[in-house]
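Read through the structure below, which is laid out as structure tokens, and then see the notes.
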């Protein structure tokens with residue numbers, strides 16, 4: 001698969017009770033290109049206001065790198081979060097295959113049933129690394145009772161950064177909510193072409209207390225399947241990825 005789209009991202013710092021009055025909201029626009037060979041083999045390039053972010057996974061390791069940093073960060077292989085936002089119906093179906101029905105809810109006049117998925121201990125261990133531990137990961141999917149299509153996607157993850165000096169640990173908690181819109185058939189596959197995502201990132205511990213909100217509006221300009229020439233060489237990580245540190249958390253771009 002190859003998908004090309006545009007994105008608008010706004011960020012703001014927050015107090016416990018809401019938006020920080022002394023902070024400024026920043027709004028940037030950009031574009032992205034995504035290639036996928038299978039759920040664990042993908043490459044994403046995002047350019048926002050002159051800053052480029054590259055991320056990918058080759059099935060053995062995932063990485064992330066920005067133009068503002070000379071080094072790449074790495075983590076365990078994983079599917080891209082955007083696949084579950086209506087771009088890859090097969091990945092969405094596989095993700096919720098073992099979920100439980102959690103109830104019903106009306107979203108934008110659409111009657112939906114809710115599927116909830118708690119990551120197993122084995123999955124949490126697979127997502128963890130030497131210096132990071134995924135404490136819990138919960139996913140909710142809101143599916144239309146009329147069409148069966150995914151209407152809303154929610155994702156909450158808590159990651160503990162293990163201290164190497166015996167100090168107190170630092171935690172990253174990320175909560176995301178995506179509204180999916182404008183389904184269109186592409187080569188017989190019903191794919192979302194626009195959406196909105198709101199994410200709250202909370203970091204605490206070790207005398208650090210930081211909370212930020214990121215909002216993203218995106219739409220797909222072009223998407224094609226069965227792209228010729230996507231060999232394994234298209235998904236090679238940066239040369240220095242094995243020498244660099246693990247990433248602490250994934251940006252909303254991923």
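Does the stretch 81-102 hold any residues that are modelled with pLDDT of 85 or more and within 23 Å of residue 236 (Cα to Cα), and which are they?
87, 88, 91 - these are the residues of the stretch 81-102 that are modelled with pLDDT of 85 or more and within 23 Å of residue 236 (Cα to Cα).
Residue 115: buried (at least 18 other Cβ atoms within 10 Å of the Cβ), touching a strand residue (DSSP E or B) at 6+ places or on another chain (Cβ under 9 Å) and outside any loop (DSSP other than H, G, I, E, B), yes or no?
yes
Among the residues of the stretch 131-154, which ones are farther than 30 Å from residue 195 by Cβ and either at pLDDT 95 or above or part of a strand (DSSP E or B) (or both)?
Within the stretch 131-154, just 133 meets the criteria.
The values are calculated or read from the model by the stated rules, or taken from the named source; none is laboratory data. Quick caveat, the model's predicted, so the values are computed rather than measured. All Cβ positions, even for glycine, are placed from backbone atoms using ideal geometry, and neighbour counts span all protein chains on display.
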